[in-house]
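Novice: Let me begin by handing over the structure; questions about it come next.
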Amino acid sequence: MDQILSNISLLLEFPIVNLKIVIDGIMIGALFALSAYGLALVWGVMNVKNLAQGDFVIAGGYIAWWLAKNGVHPLLGVPAAFIVMWGIGWGIYRLVICRVIERDLFTSLLATFGLAIIIAQILNLIFGSDTQSIALDYPTLYFADGFIDVPIAKLLGVLMATVLAAGVITFMKVGRMGQAIRATAQDARAARVLGINTDKVYSFTFSLNAAICGAAGAIVVMVWVIQPFYGITHSIRSFVIVTAAGLGNLPGVIAAGLGIGALEQYGAHIFGIGYQQAVAVLLLLLVLLIRVQQQKRVRKSLQ
Amino acid sequence: MKRLAFYAFLIFFTLAAPFLLPDYKTQLATLWLMIIVAIAWDMTGGQMGYNSLGNIFFYGTGMYVAALIAIAIPFDVGEYTNAFSDKIYKFTDTEYFLGAFVGILGAGVFCAISALVIGYITFGLRGPYFAIGTLGVAIAAGELVSNWEWAGGGQGISLPVFPYDLELGKIMFYYMFAGTGVVLFLFARWLYKTRFGAAINAIRDDEEKAEAMGIHTLRYKLTAWSMSAFFVGVAGGISAFQLIHFEPLETAYQTINLGIFMVVCVLLGGKGTLWGPVIGAILFHLFKEVTWNYLLGWQWVALGVLIVVTVVYFKDGITGWLKLVRPEWFGIRVEAKSQRSPAS
């Protein structure tokens, strides 16, 4: 308790520390927003709630880590993870997801939970359960008398996340397939009547989601650490962000992603690093509670 | 008559199992644990349509409450949980059995009350949000407890071993689990036939219409969940004494182990049926133990595959399949020959 109070008083005494925490949080939050965008995409288009989202992120991270260990430049790991995870996502869609689209939501939730267990365990068997990261030998920038340190590697990560997000969003707005995806999300039956092959759209969407997650994971391994069993926390973060922002609300997803990143850093600073996972989960409960209260006002339930 | 013989055989096997299979006493006790949590999950998941992924919360909480009560009767908890080997805490026989009895009952009662509190908050959520919300409760509880130094922190709690012959202890724990399981089964069997059972089935089928018919849905949902939580809490309390030592993340709040297994058991056996959870738990436990023994390292992958296959390809479970093949076992009358041959 004293520890917590002294941590809070430190924040009040040195306002510059707040700035550092917020910057750190935003740099991590950009990656959360990326995987949350993928979740919102799959959720909105196919009505599948993917609990294996975080495990896609971790799998992408391990692909980049393995390539970097074998001498490939770490920045090339991002497109490589994108491509490999695209293929894995397609395989998973064909084997499992295409059979749960029409079914009730709990089925898809459990099926993807099973997938999450499989992916995490396979990664554990191949790569072991140690935490891994790629150290990039770029310098670190210092601001405000060294209070704020911004490693260039992290800046690069945020930059790549932005480029990727901008690319995907442009594709969704302009590309022919992107238009088909949006049409399917609006009304799958009408889209089918108008000659859109919805099965193809679904498989494309799910593969794209896996690829986005993979690329995000390849960035995560450069700016943070990965471990086979960290996936579930990433999934929960994605759910927090999407639940807070709502489906199809792109600015909301970005804002919520950055906000969650910052809040989590605050939680880790105030309560200690041991509470980081707990803070992520408690944020989920908080967001759900707020949403329930909002829905109660219009006499509806969150479903 | 046949039915009576069947039940008599089951009762005989339940009572005699630890003597017929003396090497598998702990295994059989674990099997009963799976049956208990599966039936308890089905009470809300199958019969009421509220698929919780966080029922493991009550298992872990039951463990902790039972252990803390048993310790608090003779000793100071903070000192006990943080003691090193220099000080030895010895439980007398009375302290052990009194602690176990009060602790296990207290665990059930505490879990039932906490289900009311959590349910009051989370029953505003429906479908997948309820599943994720309850999963969040279970994960958060595990993380918070593992940072709670007074209750042992990440190391968990050690309880005293059974004071007499250890084999006798194994038999006792088997009968405790089996007794709880039989009581829960009979309770569920009675409950599903009452007005209460009809009401929670109505909530599953259409909650808005049930509410319009005058069923106070929140009250029914809370009651059903707290009954289910009571039994899971009792099972957790017994587990605490059976396992002797437990720690928060891997044993007590084991979200991805038992927390998901109980759901898979029910799905495998058949959701919303009386026998489904029992059959599913038995088959799942057999599958788990076989893979554990023969697939070194890959057993978890095999379990994940089993989950996916069950959910995706086998959605009605074994009971659903049996109902299709042998409807007369379930009291469904089928017209023997609906098409008369033209000759007659």
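Novice: B:Trp150 to B:Ile73: FRET efficiency via 1/(1 + (r/R0)^6), r the Cβ-Cβ distance, R0 25 Å, to the nearest 0.05? Before the final figure, lay out each step's value.
Specialist: Values: r = 17 Å, r/R0 = 0.66.
Working from the Cβ atoms, E equals 0.90.
Novice: Hand me the tally of lysine pairs in chain B: alpha carbons under 23 angstrom apart, and the pair either on different chains or 8 or more positions apart.
Specialist: Taking the Cα cut-off of 23 Å, the pair count is 19.
Novice: Estimate the FRET efficiency between B:Lys209 and A:Gln295 by the formula 1/(1 + (r/R0)^6), using the beta-carbon distance for r and 22 Å for R0, to the nearest 0.05. Don't jump to the answer; show the numbers that get you there.
Specialist: Numbers: r = 19 Å, r/R0 = 0.87.
According to the calculation, E is roughly 0.70.
Novice: Please state the shape class of segment A:27-246: rounded when a/c is under 1.5, otherwise prolate if a/b exceeds b/c and oblate if not, all from the C-alpha gyration tensor. Spell out each step's value before the answer.
Specialist: On the way: a/c = 2.00, a/b = 1.56, b/c = 1.28.
In terms of gyration-tensor shape, prolate.
Novice: Please list, by residue number, every one of the chymotrypsin sites (Phe, Trp or Tyr not before Pro) in segment B:149-215 that is coil in DSSP and has at most 14 other beta-carbon atoms within 10 Å. Don't jump to the answer; show the numbers that get you there.
Specialist: Numbers: sites: B:Trp150, B:Tyr164, B:Phe173, B:Tyr174, B:Tyr175, B:Phe177, B:Phe185, B:Phe187, B:Trp190, B:Tyr192, B:Phe196; in loops: B:Tyr164, B:Tyr192.
Passing both the DSSP loop test and the Cβ count: B:Tyr164.
Novice: May I pose another question? Taking a ≥ b ≥ c as the square roots of the eigenvalues of the Cα gyration tensor of segment A:1-116, is the shape rounded (a/c under 1.5), prolate (a/b larger than b/c) or oblate?
Specialist: Numbers: a/c = 2.94, a/b = 1.57, b/c = 1.88.
Taking the square roots of the gyration eigenvalues as a ≥ b ≥ c, segment A:1-116 is oblate.
Novice: Moving on. Residue by residue through B:137-150, how many Cβ atoms from other chains fall within 10 Å of the Cβ on average?
Specialist: Working: counts 5, 1, 10, 10, 2, 3, 10, 4, 1, 4, 5, 0, 0, 0.
Mean inter-chain Cβ contacts per residue within 10 Å come to 4.
Novice: Just to be sure I understand the rule: take each whole DSSP H helix in chain A, project its Cα atoms onto its long axis, keep it if the span is 18 Å or more and its mean Kyte-Doolittle hydropathy is at least -1.0. Which ones pass? All intermediate terms of the calculation are to be shown ahead of the outcome.
Specialist: Numbers: long enough: A:15-46 (45 Å, 1.72); A:53-69 (24 Å, 0.59); A:74-95 (31 Å, 1.33); A:105-127 (32 Å, 2.15); A:152-174 (32 Å, 1.95); A:198-223 (37 Å, 1.25); A:231-245 (21 Å, 1.15); A:250-271 (31 Å, 1.09); A:276-297 (32 Å, 0.96).
Passing helices, by number: A:15-46, A:53-69, A:74-95, A:105-127, A:152-174, A:198-223, A:231-245, A:250-271, A:276-297.
Novice: So, one more: Find the all-direction average of the projected area of the Cα convex hull for segment B:256-330, expressing the result in square nanometres with one decimal place.
Specialist: The orientation-averaged projected area of the Cα hull of segment B:256-330 comes to 5.0 nm².
Novice: If you wrap a convex hull around the Cα atoms of segment A:9-55, how much volume per residue is inside, in Å³?
Specialist: 97
Novice: Let me ask something additional. Just tell me how shielded A:94-107 is by partners: mean number of partner chain Cβ atoms within 10 Å of each residue's Cβ, no decimals.
Specialist: Working: counts 0, 2, 5, 1, 1, 5, 4, 0, 0, 3, 5, 6, 13, 6.
Per-residue shielding by partner chains comes out at 4.
Novice: Next question, about the same structure. Using only Cα atoms, tell me the angle between helix B:195-205 and the longest principal axis of chain B; keep it within 0 to 90° and round to the nearest 10.
Specialist: It works out to around 80 degrees.
Novice: Related question: Suppose R0 equals 60 Å; then what is the FRET efficiency for A:Val150 and B:Asn201 from their Cβ-Cβ distance, rounded to the nearest 0.05? Numbers along the way, then the final one.
Specialist: Details: r = 59 Å, r/R0 = 0.98.
Calculated value: 0.55.
Novice: With the convex hull built on the Cα atoms of the protein assembly as shown, state its orientation-averaged projected area in nm². It would help to have the intermediate numbers written out before the result.
Specialist: Numbers: hull surface 147.7 nm².
Its Cα hull, projected and averaged over all orientations, spans 36.9 nm².
Novice: Angle, helix B:166-191 long axis vs. longest principal axis of chain B, Cα atoms, 0 to 90°, nearest 10?
Specialist: Roughly 40 degrees between the two axes.
Novice: So between A:Leu159 and A:Asn197, what do we pick up on full extension, going 0.36 nm a residue minus the alpha carbon distance? Write down the numbers at each step before the final one.
Specialist: Numbers: separation 38, 0.36 × 38 = 13.68 nm, distance 3.47 nm.
Result: 10.2 nm gained on full extension.
Novice: Restricting attention to segment A:234-303, which trypsin sites (Lys or Arg not before Pro) occupy a DSSP loop and are surrounded by at most 13 other Cβ atoms within 10 Å? Write down the numbers at each step before the final one.
Specialist: Details: sites: A:Arg237, A:Arg291, A:Lys296, A:Arg297, A:Arg299, A:Lys300; in loops: A:Arg299, A:Lys300.
For trypsin sites (Lys or Arg not before Pro) across segment A:234-303 that sit outside H, G, I, E and B with at most 13 neighbouring Cβ atoms in 10 Å, the list reads A:Arg299, A:Lys300.
Novice: Averaged across A:280-287, how many Cβ atoms of other chains sit within 10 Å of each residue's Cβ atom?
Specialist: Working: counts 4, 10, 6, 2, 7, 10, 1, 2.
Average neighbour count from other chains, rounded to a whole number: 5.
Novice: Any idea what angle helix B:2-20 forms with the longest principal axis of chain B, computed on alpha-carbon atoms, 0 to 90 degrees, nearest 10?
Specialist: 20
Novice: What is the packing order of peptides B:105-116, B:52-63, B:37-48, taking the mean over residues of other C-beta atoms within 10 Å and listing the highest first? Write down the numbers at each step before the final one.
Specialist: Numbers: B:105-116: 21.5, B:52-63: 29.3, B:37-48: 27.4.
Result, highest mean Cβ count within 10 Å first: B:52-63, B:37-48, B:105-116.
Novice: What does the charge add up to near B:Gly142, with Lys and Arg as +1, Asp and Glu as -1, over the other residues with Cβ less than 13 Å from its Cβ?
Specialist: Every neighbour counted, the sum reads -3.
Novice: Right, another one. Between A:Arg182 and B:Phe13, with labels modelled 7 Å along Cα→Cβ, what's the label distance in nm to one decimal, could you check?
Specialist: 6.1
Novice: Now for a different question. Using only alpha-carbon positions, what ratio does the radius of gyration of segment B:24-255 give when scaled by 2.2 N^0.38 Å?
Specialist: In units of the globular-protein estimate, segment B:24-255 measures up at 1.06.
Novice: At a 10 Å Cβ-Cβ cut-off, how would you order A:Ile126, A:Ile58, B:Ile307, B:Ile215, fewest neighbours first? Numbers along the way, then the final one.
Specialist: Values: A:Ile126 10, A:Ile58 30, B:Ile307 25, B:Ile215 18.
The most exposed by this proxy come first: A:Ile126, B:Ile215, B:Ile307, A:Ile58.
Novice: Can you list residues whose amide H is under 5 Å from B:Gly54's amide H, if they're 5+ apart or on another chain and H is modeled 1.01 Å from N?
Specialist: For B:Gly54, whose amide H was placed from the backbone, the distant partners under 5 Å are B:Leu135.
Novice: What distance in nm separates the simple spin-label points at A:Val174 and B:Ala83, each placed 7 Å from Cα in the Cβ direction?
Specialist: About 7.2 nm separates the two model spin labels.
Novice: Give the longest segment of chain B that steers clear of trypsin sites (Lys or Arg not before Pro) in DSSP loops with at most 12 neighbouring Cβ atoms within 10 Å, not counting the sites themselves. All intermediate terms of the calculation are to be shown ahead of the outcome.
Specialist: On the way: sites that count: B:Lys87, B:Lys90, B:Lys193, B:Arg333, B:Lys337, B:Arg340.
The segment B:194-332 is the longest one with no such site.
Novice: Counting other beta carbons within 10 Å of each residue's own, what order do A:Val168, A:Val298, A:Val42 fall into, fewest first?
Specialist: On the way: A:Val168 21, A:Val298 6, A:Val42 24.
Least crowded to most crowded, the residues run A:Val298, A:Val168, A:Val42.
Novice: Here is a follow-up. Using the count of nearby Cβ atoms within 10 Å as a rough guide to exposure, how do B:Met172, A:Met27 rank from fewest to most? It would help to have the intermediate numbers written out before the result.
Specialist: On the way: B:Met172 19, A:Met27 22.
Sorted ascending by nearby Cβ count, the order is B:Met172, A:Met27.
Novice: Between A:Ala40, A:Ala185, A:Ala135, which gets the highest mean-square fluctuation from a Gaussian network model of chain A, Cα cutoff 10 Å?
Specialist: In the Gaussian network model the winner is A:Ala135.
Novice: Using Cα centres only, tell me the gap between segment A:7-41 and segment B:229-243 in whole Å.
Specialist: Computed from Cα coordinates, the inter-centre distance equals 40 Å.
Novice: Sticking with this one: Sort out for me the Cα centre separation of segment A:139-181 from segment B:125-200, rounded to whole Å.
Specialist: Centre-to-centre (Cα) distance: 45 Å.
Novice: Follow-up. Between B:Trp190 and A:Ser6, what is the spin-label point distance in nm, taking each point 7 Å from the Cα along the Cα→C-beta axis?
Specialist: Result: 5.8 nm between the two label points.
Read the figures in this text as sums done on the coordinates, not as results from a lab. Keep in mind that this is a model prediction, so the values were computed, not measured. Methodologically, a virtual Cβ is constructed for each residue, glycine included, from the backbone with ideal geometry; neighbour enumeration extends over all protein chains shown.
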